[in-house]
1. Give the percent of DSSP beta bridges with both residues in chain B that are antiparallel, rounded to the nearest 5.
2. Carbon and sulfur atoms: what percent of the 1.4 Å accessible area of region B:121-205 do they account for?
3. Name the residues of region B:162-205 whose accessible area falls by at least 50 Å² when all protein chains are present instead of the chain alone, probe 1.4 Å?
4. How high is the FRET efficiency between B:Asn131 and A:Lys113 when r is their beta carbon distance and R₀ equals 60 Å, given to the nearest 0.05?
5. Please compute how much accessible surface disappears when B pairs with A, both sides summed, using a 1.4 Å probe, and round it to the nearest 100 Å².
6. Return the FRET efficiency for the residue pair A:Asn237, B:Asp68: r is the Cβ-Cβ distance, R0 is 51 Å, and the value is rounded to the nearest 0.05.
7. For chain A, what is the relative contact order in percent, using Cα pairs closer than 8 Å and at least 6 residues apart in sequence?
8. Binning at 5 Å from 0, report for region A:10-247 what percent of all alpha-carbon pair distances ends up in each bin.
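The values are calculated or read from the model by the stated rules, or taken from the named source; none is laboratory data. In this text the structure is predicted, and so the values were computed from the model without any measurement. Neighbour counts run over all protein chains shown; Cβ positions are idealised from the backbone, glycine included. Heads up: the accessible areas ignore ligands, DNA and RNA and are worked out on the full protein's heavy atoms, side chains in. Shrake-Rupley method; radii C 1.70, N 1.55, O 1.52, S 1.80 Å.
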Amino acid sequence: MTRPIGLVRRIIPCMDVDANIVVKGVNFEGLRVMGDPVELASRYEEEGADELFLLDITATVQGRSTFLETVRNVAAAVSIPLGVGGGIRSINDADLAFKAGADKVSVNTAAVKDPSIVAELSREYGAQSVVVAIDARRISNEWRVFIMGGRVETHLNAVEWARTVEELGAGELLVTSIDADGTRAGYDIELYRRLADSVNIPVIASGGAGEPRHFLEVLKYADAALAASVFHMGIINILTLKAYLSESGIRVRTLA
Amino acid sequence: MRVRVVVKVGVVNYGVGNVGSIFNALRRIGAEPMLINSAVELRSVDAVILPGVGSFNSAMVNLSRLTDELNSVRGSSPILGICLGLQLMFKGSDEGELGGLGWYDGWVNRIRGPRVPHIGWDYVKLNGECNLGVIGGYYYFMHSYAVVNPINEPPNIGFTRYGGSTILSVLCDEGKATYGTQFHPEKSGKLGLSILSGLINLAKS
């Protein structure tokens, strides 16, 4: 089953941030410098990005305040929705992110360790502000949830976990295929097809974008497509990408 | 010597929710945002925003101390209601038992559609002009309630299809300098910022 047609699909550049610098890894490892968060964010808004995501990949105590400063600077520079994730372990962490200018926060490891944080965040800030991020790897015939930045395997099945957090009050899912991440060989279409059959909240697909065709393929099943390096490195221009999607019959926001 | 007039925009404080993005957006267009807690503060600003944070009841409870003053500045200073802020201008809402400001006939309903809440970019179609400078195009929505299937005549001028129904997305009452958007201009990129700039321009004139 595909997602409801007629809903506007979103393109979301994601910035992994370490010490106020955007970096990018391959298969969750090996970091490369990509640029300045505010400069990239402004460029993406200009090109027609529908939303931005900032992920704290240091998530250390000392790195945290630097990251919140980055969130504040980006939030002050753009006027499109801003999602913030990485290292959000408590309501207090989420509160600091919202106060810094986040419109939504994503939780990943914290939700697996204690699912009640999803319900609590949803009650406090509204479902529209709560994203559950799921990192999944295909193992035999299922997708297994990994936590701690993809390093630790859990016993959870990603599709079942998606259903669980939907019931708990998540407003949206950000699902990354660890296998596809950084390969630029295309999104894990099968994963998003399964999710589209299983949950009713919006799903943001992440991991594997390499060319415009990949976005077209995944947006039949996902509400939004997130990508990083193809945008950071200028391989794909968002304006051109959206024109292509629109010509191919996917409804996207065009700049008037 | 050039004199720069900085327009002061009061953002009414309902005591809940985060008005950070409205403040950011107003600063970006060169206005000076100010959180409004009292009638005195309300009288000191050039334009007023009823923001889109919190729920209908909590907002009306907090607004009760300012209603008289709001009614008296209405017509002289431009007022823009955003999301819930627009909904408050009607008689009431499915979301709460308290009455709204009652400036306009109509009721706020829970929306129906493929997904509730309605989150994301959607198209606003305009039937008419507005001195706020709002134009048709895509804007960012984030709501579960709206004026559903409104009558197609002023002050209702902007409409958005969602699911099987139409929601009121822009209200423009030039005579009373009262405006409202169901979407969030502060999150709607350039088109959104131009609406806030329109409010500033009205406050200057």
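1. Details: 23 of 41 bridges.
Percent antiparallel among DSSP bridges in chain B is about 55.
2. Values: 1550 of 3030 Å².
Roughly 51 percent, rounded to a whole number.
3. Going by heavy-atom accessible area, the residues of region B:162-205 that drop by at least 50 Å² are B:Lys187.
4. 0.65
5. Values: alone 9370 and 10970 Å², together 18220 Å².
Approximately 2100 Å² gets buried when B meets A.
6. Numbers: r = 53 Å, r/R0 = 1.04.
Efficiency, from the Cβ-Cβ distance: 0.45.
7. Values: 551 pairs, mean separation 52.0, N = 256.
In percent, rounded to a whole number, it is 20.
8. Result, from short to long distances: 1, 7, 16, 20, 22, 18, 11, 4, 0, 0 percent.
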